[in-house]
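Chemist: Please read through the structure below; I'll follow up with questions.
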Amino acid sequence: MDIKVENLSKLYGSQKAVDDISFVVKTGEILGFLGPNGAGKTTTMKAITTFLKPDSGKIFIGNINAIDSPQEVKKKIGYLPENNPLYSDMAVIDYLRFVAALNGVAKQKIDERVLEMVNVCGLKGEKHKKIEELSKGYQQRVGLAQALIHDPEILVLDEPTTGLDPNQIIEIRELIKRIGRSKTVILSSHILAEVEATCDRIMIINKGKIVANGTAAELRKHSQGNDLIIAEIEGNVSRDQFYTALAELPHVEMVDFLSDSGNKFEIQSTNMSATKHDIFDLCVKNKWYLVQLTPIETKLEDIFRELTLN
Ligand code: ATP
């Protein structure tokens, strides 16, 4: 089931929290939603899950118009909100039974479904504890379990790994990936490595506007090109000689020493592929031994900063 957002806007007073954004998320796709604090991620997610009415624009969940038919949409969506509100004095298992009934799981299926989610989300040892007695990470797992309980076709997860320890993060990431094969998933996160590891596509929002939308590789391609090459040589050559030769190559913008001893340099180029070949040819011509030629991709952090630092 696809999610289609068309010209969505939401104002708070005169501030545009979301400013005329449009995008589509396809079935089987996991979309990573990134943006600095206050960029408009939660507002967009709340609008999709019908917990907030936008000022203008349209949202379709499959063929259902989310603004006209919020109740119908809620049945199709599992939502883990940012501040995962849980009934803290309920036992995990009772809470999940309650949410299952609320989300229309057939009475005779509730226990089976609750047990399945307890297993899937790693809550076996905690299921009889009160939610308030759980650690933050386990509370987050209960939040995920409640989002999944009615086997929704769409999952909207606002920072799903907040509060989890590194082991739990890996487990939940794998779980989301598994689920994402058959469902449509949007997840927001501040952890860029997590988004890159989990998501098929990344969308970056800044000040209510979408500033990037594509795979990590596409985003790198369109970025300002801070790609680097690390080159190291051995042989009868001084550092200055190698430095000068590198700096004189076409397309090379910057050359930096990388170690105090040895001929190891970091090279910034406007044409990575040509520069790699040029360095190789340079070494062959001078009979220098090339012992390292490593391209370093632009970090997602750098792309994020480039797009959102204004
Ligand atoms: P974060 O990463 O910090 O969670 P976000 O990208 O989810 O941020 P939103 O919560 O969508 O950002 O907020 C977008 C903008 O709308 C912010 O400037 C915020 O202050 C404003 N905003 C959100 N909710 C309200 C509200 N109920 N009343 C007034 N302004 C609001």
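Yes/no matrix, rows are residues, columns are (1) under 11 Å from the mean Cα position of the chain (by Cα); (2) over 22 Å from G137 (Cβ atoms); (3) in a helix (DSSP H, G or I):
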{"residue": "Q168", "(1), (2), (3)": "no, no, yes"}
{"residue": "S182", "(1), (2), (3)": "no, yes, no"}
{"residue": "A193", "(1), (2), (3)": "yes, no, yes"}
{"residue": "I202", "(1), (2), (3)": "yes, yes, no"}
{"residue": "V211", "(1), (2), (3)": "no, yes, no"}
{"residue": "I233", "(1), (2), (3)": "no, yes, no"}
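Chemist: Considering segment 114-146 alone, what residues qualify as being hydrophobic (A, V, I, L, M, F, W, C), surrounded by fewer than 24 Cβ atoms within 10 Å (Cβ to Cβ) and touching a strand residue (DSSP E or B) at 6+ places or on another chain (Cβ under 8 Å)?
Modeler: I131
Chemist: Right, something else. Would you mention how many residues in segment 185-220 are within 15 Å of the ligand (Cβ to nearest atom), touching a helix residue (DSSP H, G or I) at 6+ places or on another chain (Cβ under 9 Å) and either outside the structural domain of V156 (by TED's automatic domain parsing) or open to solvent by 10 Å² or more (accessible area, probe 1.4 Å) (or both)?
Modeler: So the count comes out to 6.
Chemist: Every residue in segment 1-54 that is part of a loop (DSSP other than H, G, I, E, B) and either away from the ligand (no atom under 14 Å from the Cβ) or among the hydroxyl-bearing types (S, T, Y) (or both), please.
Modeler: Answer for segment 1-54, where residues must be part of a loop (DSSP other than H, G, I, E, B) and either away from the ligand (no atom under 14 Å from the Cβ) or among the hydroxyl-bearing types (S, T, Y) (or both): M1, D2, S14, K26, T27, G28, E29, T49, T50.
Chemist: Would you call N263 of a type in the set (S, T, N, Q) and at pLDDT 90 or above?
Modeler: no
Chemist: Being assigned to a helix (DSSP H, G or I) and in contact (Cβ under 8 Å) with a residue 24 or more places away in the chain, is that true of even one residue in segment 128-135?
Modeler: yes
Chemist: Looking only at segment 55-87, filter to residues that are within 22 Å of S182 (Cβ to Cβ) and in a loop (DSSP other than H, G, I, E, B); which one of those is farthest from the ligand (Cβ to nearest atom)?
Modeler: If we take residues in segment 55-87 being within 22 Å of S182 (Cβ to Cβ) and in a loop (DSSP other than H, G, I, E, B), then N63 is farthest from the ligand (Cβ to nearest atom).
Chemist: So, in segment 173-184, of the ones that are touching a residue at least 40 places away in the same chain (Cβ under 8 Å) and among the aliphatic types (A, V, I, L, M), which residue ends up surrounded by the fewest Cβ atoms within 10 Å (Cβ to Cβ)?
Modeler: For segment 173-184, the residue satisfying everything is L175.
Chemist: Quick one: what pairs do we get from segment 22-50, first residue assigned by TED's automatic domain parsing to the domain that holds T198 and among the charged types (D, E, K, R), second more than 8 Å from the ligand (Cβ to nearest atom) and open to solvent by 20 Å² or more (accessible area, probe 1.4 Å), C-beta under 8 Å, 6+ apart or different chains?
Modeler: K26/D2; E29/D200; E29/R201; K46/L52; K46/P81
Chemist: Moving on to the next point. Test S273 against the stated conditions and say whether it is exposed (fewer than 14 other Cβ atoms within 10 Å of the Cβ), closer than 21 Å to I303 by Cβ and free of Cβ contacts under 8 Å to residues at least 24 places away in the same chain.
Modeler: Yes; evaluated as a whole, the condition is true for this residue.
Chemist: Read through the list (1) at pLDDT below 95; (2) touching a Ser or Thr at 6+ places or on another chain (Cβ under 7 Å); (3) on the phi < 0 side of the Ramachandran plot, then give the number of the only condition that G28 fails.
Modeler: (3)
Chemist: Let me ask something additional. Scan (1) out of contact with any His (no Cβ under 7 Å at 6 or more places or on another chain); (2) within 30 Å of L192 (Cβ to Cβ); (3) not in a loop (DSSP other than H, G, I, E, B) for the single condition D278 breaks and write down its number.
Modeler: Just one mismatch for D278, condition (2).
The values are calculated or read from the model by the stated rules, or taken from the named source; none is laboratory data. Treat the numbers as computed from the prediction; the structure is a model and nothing was measured. Neighbour counts run over all protein chains shown; Cβ positions are idealised from the backbone, glycine included. In case anyone asks, the SASA skips ligands and DNA or RNA and just uses the protein heavy atoms, side chains included. Shrake-Rupley method; radii C 1.70, N 1.55, O 1.52, S 1.80 Å.
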